[in-house]
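**Student:** Sharing a structure below in structure tokens format, with a few things to ask.
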Amino acid sequence: MLAADSVNSAFVAFARHAYTRNIAVGRYVIMPDHLHLFVCGADDFELGRWIGVLKQNLAKQIEHPGTKSPIWQRGFFDHLLRSDESYAQKWNYVRENPVRAGLVRNADDWPYSGEIVIIDRA
């Protein structure tokens, strides 16, 4: 349900708007049933609240005719990155998800991934 042009466009717009509020969304990959993203904000940034708003925003773009079941699972999984090496390593793993899932042969061919803002980890 997520791997769609409308969802990707809504995600990019949401991420660009977030940047005007000092929340940087870096690299991302939208898979058919989940998404991966790298995000950073100020010390008082409430990731859980922000993810909730993101889910609400994207739910409006997801085609789900005739279903009343929740689109999103409750909660989310996060991982704190502590170094440049970790960021690069995690990105390499994340960007290969569409390949591992058999959706494309080359990660660069997956249309629902990219980078909104360069997150400087130095």
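Computed from the coordinates by the stated procedures, all read-outs in this text should not be read as laboratory data. As the structure is a prediction and not an experimental result, all values here were calculated from the model. Positions of Cβ are generated from backbone atoms using ideal geometry, with glycine treated the same way; all protein chains shown enter the neighbour counts.
**Student:** What FRET efficiency would be calculated for the residue pair PHE45, ARG105, taking the C-beta separation as r and a Förster radius of 25 Å, to the nearest 0.05?
**Tutor:** Approximately 0.10, to the nearest 0.05.
**Student:** Explain nothing, just compute: Karplus ³J(HN,Hα) = 6.51 cos²θ - 1.76 cosθ + 1.60, θ = phi - 60°, for every residue of region 88-94 in order, whole Hz, x for Gly and Pro.
**Tutor:** Each residue's phi maps through the Karplus curve to give 4, 5, 5, 5, 4, 5, 5 Hz.
**Student:** VAL39's amide H: which non-local residues (gap 5+, or another chain) put their own amide H closer than 5 Å, with H modeled 1.01 Å from N in plane and none for Pro or chain starts?
**Tutor:** Under 5 Å from the amide H of VAL39 lie the amide H atoms of GLY26, each far enough along the sequence or on another chain.
**Student:** Which order do peptides 28-38, 91-101 fall in by mean Cβ count within 10 Å, highest first?
**Tutor:** With the highest mean Cβ count within 10 Å placed first, the list reads 28-38, 91-101.
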